[in-house]
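J.: Please see the structure below; I have some questions.
The values are calculated or read from the model by the stated rules, or taken from the named source; none is laboratory data. As the structure is a computational prediction, the values presented were derived from the model and not from experiment. Because the Cβ atoms are built from the backbone with ideal geometry, glycine has one as well, and the counts that use them run over all protein chains shown.
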């Protein structure tokens, strides 16, 4: 699903965020990405859906060469990847339904198909009865579920979650984790950046620890921590 | 760039919605385009008509070569051949001194008849009337004739008048072009600013669109529509002014038509063509302004 070889990323201001990353993530895996703030987690994630371009090395995502890729193919890559953020990134003036439908309108789905698919994913995250609400009328956990539904609308093969529970209380966080596990159960690859020791140590999965722009630990069914 | 009709409809709806939401900025840009196009319209109508009148006059420009009175028939024949051998000359017509006399008398009307008494003492010269292929070459040809040709007493072509006419026309075109370009860029700048504001208002939306895989064209279209709308709205008033104004002037000009040589371009098709041109300029200004402002926001 994701192959990286000797990936380096230096920003125009001279900061080197990643300094030679080698990694292989197979389809269907669930991977935690841990590390201090500033360790390079965000850059790692941004490289995958090409919000940033690597300075050198090789990146393949879903059999696409990200360094050789043409600009016009970037939207096609992004349709294969769902992204969920800590701050949800929902449009405040749109209803829950419209927020999810937005992702499908953009790829020019037919109105019938949109209606069907939106209700499907809202059902999957348990928010079918809140379709007419606007984000402000929902709790944080519910808003994150809308964001997940939107990310899943295009049947992505890969779901990237950047600290999805960062703004949520522990109980709500477990709800979100349950949904992510279900999605992973249907074969979707998940990469989740997190600072939650409790989650990583309870739901044991592959852990990739990043420190100073390098992978310092890559362990199946690993525990939280990123000390060298 | 195949696009489904449904998508096109969506883009138009979004574009209209944006313009409506920022109605004050929309109004400001439309006002800017209106002012620009109003001046452009007046100016173009003026320049096209000046050009029309000038070319009319230019076409009448001829060189009259007055033959030296002492020249005999052989020498006159020689001169005629030399004149016809000149480059860029369209025609050489001989006019005898008797014909010249007749022309003069006719042009003087009633007074001419009185002068008829002096026909025996006709003081005029035989003449060749030379017409240049391109009116612009008239002065150059006349100079060659004066300097290089024998048996020529004098050359007449309304020197100062022709020279001034050409100079004035050229200046008018240059000044006008500079003025129009400056105005057009001002209008483009104002439109691009308006659209920038609607983009900033929708930055989050654009960010999410890109996140879920919208193509740049999908994002660009509503702004494109908005720019086009601003340009077209801005051209309505100038076109209306053009139609009524030109109609009014045209009517009054033909009412006092003793200046037969000052013929305006006919209302149809000129005003229609100019209106089309104004609409086109408006649309181009609008689209250009929007493309300029969207470009920056679509990087990455």
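J.: Scan segment A:144-173 residue by residue and report those that are more than 14 Å from chain B (Cβ to nearest Cβ) and surrounded by 17 or more Cβ atoms within 10 Å (Cβ to Cβ).
T.: If the condition is that a residue be more than 14 Å from chain B (Cβ to nearest Cβ) and surrounded by 17 or more Cβ atoms within 10 Å (Cβ to Cβ), then A:144, A:145, A:163, A:164, A:165, A:168, A:172, A:173 are the ones that fit.
J.: Specify which of the listed residues (B:128, B:118) is assigned by TED's automatic domain parsing to the domain that holds residue B:72 and touching a helix residue (DSSP H, G or I) at 6+ places or on another chain (Cβ under 8 Å).
T.: B:128
J.: I'd like the full set of residues that are surrounded by 14 or more Cβ atoms within 10 Å (Cβ to Cβ), within 12 Å of chain B (Cβ to nearest Cβ) and at negative phi, limited to segment A:97-125.
T.: Residues satisfying the conditions are A:98, A:99, A:100, A:101, A:102, A:103, A:104, A:105, A:106, A:107, A:109, A:114.
J.: Another question, if that's okay. Going by the conditions given, is residue A:91 touching a strand residue (DSSP E or B) at 6+ places or on another chain (Cβ under 7 Å), outside any strand (DSSP E or B) and within 14 Å of another protein chain (Cβ to nearest Cβ)?
T.: Spelling it out, it is not the case that residue A:91 is touching a strand residue (DSSP E or B) at 6+ places or on another chain (Cβ under 7 Å), outside any strand (DSSP E or B) and within 14 Å of another protein chain (Cβ to nearest Cβ).
J.: Next question, about the same structure. Which one of these does residue A:164 not meet: (1) touching a residue at least 60 places away in the same chain (Cβ under 8 Å); (2) part of a strand (DSSP E or B)?
T.: Every listed condition holds for residue A:164 apart from (2).
J.: Can you find, within segment A:32-88, the residue that is nearest to the other protein chains (Cβ to nearest Cβ) among those that are touching a helix residue (DSSP H, G or I) at 6+ places or on another chain (Cβ under 8 Å) and closer than 16 Å to residue A:166 by Cα?
T.: By that ranking, first place goes to A:83.
J.: A further question on this structure: Can you confirm whether residue B:83 is in the same structural domain as residue B:269 (by TED's automatic domain parsing) and either farther than 30 Å from residue B:227 by Cβ or part of a helix (DSSP H, G or I) (or both)?
T.: Here the answer is no, as residue B:83 does not meet what is asked.
J.: Sticking with this one: Of these, A:131, A:153, A:161, which one is farther than 26 Å from residue A:43 by Cβ and in contact with a strand residue (DSSP E or B) (Cβ under 9 Å, 6 or more places away or on another chain)?
T.: Going through A:131, A:153, A:161 in turn, the sole match is A:153.
J.: Is it true that residue B:228 is under 30 Å from residue B:34 (Cβ atoms), assigned to a helix (DSSP H, G or I) and either under 25 Å from the mean Cα position of the chain (by Cα) or not assigned by TED's automatic domain parsing to the domain that holds residue B:10 (or both)?
T.: Criteria not met by residue B:228.
J.: A follow-up question, please. Only one of these is without any contact (Cβ under 8 Å) to a residue 12 or more places away in the chain and surrounded by fewer than 22 Cβ atoms within 10 Å (Cβ to Cβ): A:178, A:130. Name it.
T.: Exactly one residue qualifies, and that residue is A:178.
J.: Can you find even one residue in segment B:84-93 that is more than 14 Å from chain A (Cβ to nearest Cβ), exposed (fewer than 15 other Cβ atoms within 10 Å of the Cβ) and under 27 Å from the mean Cα position of the chain (by Cα)?
T.: yes
J.: Within segment A:181-197, can you find the residues that are surrounded by 17 or more Cβ atoms within 10 Å (Cβ to Cβ) and part of a loop (DSSP other than H, G, I, E, B)?
T.: Correct list: A:188, A:194, A:196.
J.: Among the candidates B:105, B:25, single out the residue that is without any contact (Cβ under 8 Å) to a residue 12 or more places away in the chain, in contact with a helix residue (DSSP H, G or I) (Cβ under 6 Å, 6 or more places away or on another chain) and in a helix (DSSP H, G or I).
T.: Among B:105, B:25, only B:105 is without any contact (Cβ under 8 Å) to a residue 12 or more places away in the chain, in contact with a helix residue (DSSP H, G or I) (Cβ under 6 Å, 6 or more places away or on another chain) and in a helix (DSSP H, G or I).
J.: Here is a follow-up. Would you mind finding the one in B:45, B:54, B:41, B:32 that is in the same structural domain as residue B:279 (by TED's automatic domain parsing), modelled with pLDDT under 75 and either assigned to a loop (DSSP other than H, G, I, E, B) or under 30 Å from residue B:250 (Cβ atoms) (or both)?
T.: Just a single option satisfies the conditions, and that option is B:54.
Here's the yes/no breakdown for (1) assigned to a helix (DSSP H, G or I); (2) modelled with pLDDT of 90 or more; (3) farther than 26 Å from residue B:195 by Cβ:
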{"residue": "B:238", "(1), (2), (3)": "yes, yes, no"}
{"residue": "B:252", "(1), (2), (3)": "yes, no, yes"}
{"residue": "B:270", "(1), (2), (3)": "yes, no, yes"}
{"residue": "B:300", "(1), (2), (3)": "no, no, no"}
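J.: Let me ask another. Would you confirm, using the coordinates I've provided, whether residue B:199 is assigned to a helix (DSSP H, G or I), over 25 Å from residue B:45 (Cβ atoms) and away from every other protein chain (no Cβ under 14 Å)?
T.: Yes; evaluated as a whole, the condition is true for this residue.
J.: Return a yes/no flag: does segment B:164-182 have any residue that is surrounded by fewer than 17 Cβ atoms within 10 Å (Cβ to Cβ) and in contact with a strand residue (DSSP E or B) (Cβ under 6 Å, 6 or more places away or on another chain).
T.: Within segment B:164-182, not a single residue is surrounded by fewer than 17 Cβ atoms within 10 Å (Cβ to Cβ) and in contact with a strand residue (DSSP E or B) (Cβ under 6 Å, 6 or more places away or on another chain).
J.: Of the conditions (1) at pLDDT 80 or above; (2) surrounded by 14 or more Cβ atoms within 10 Å (Cβ to Cβ); (3) over 16 Å from residue B:63 (Cα atoms), residue B:153 clears all except one; give me its number.
T.: Going through (1) at pLDDT 80 or above; (2) surrounded by 14 or more Cβ atoms within 10 Å (Cβ to Cβ); (3) over 16 Å from residue B:63 (Cα atoms) one by one, residue B:153 breaks only (3).
J.: Every residue in segment B:211-254 that is within 20 Å of residue A:154 (Cα to Cα) and touching a residue at least 24 places away in the same chain (Cβ under 8 Å), please.
T.: If the condition is that a residue be within 20 Å of residue A:154 (Cα to Cα) and touching a residue at least 24 places away in the same chain (Cβ under 8 Å), then B:216, B:217, B:218, B:219 are the ones that fit.
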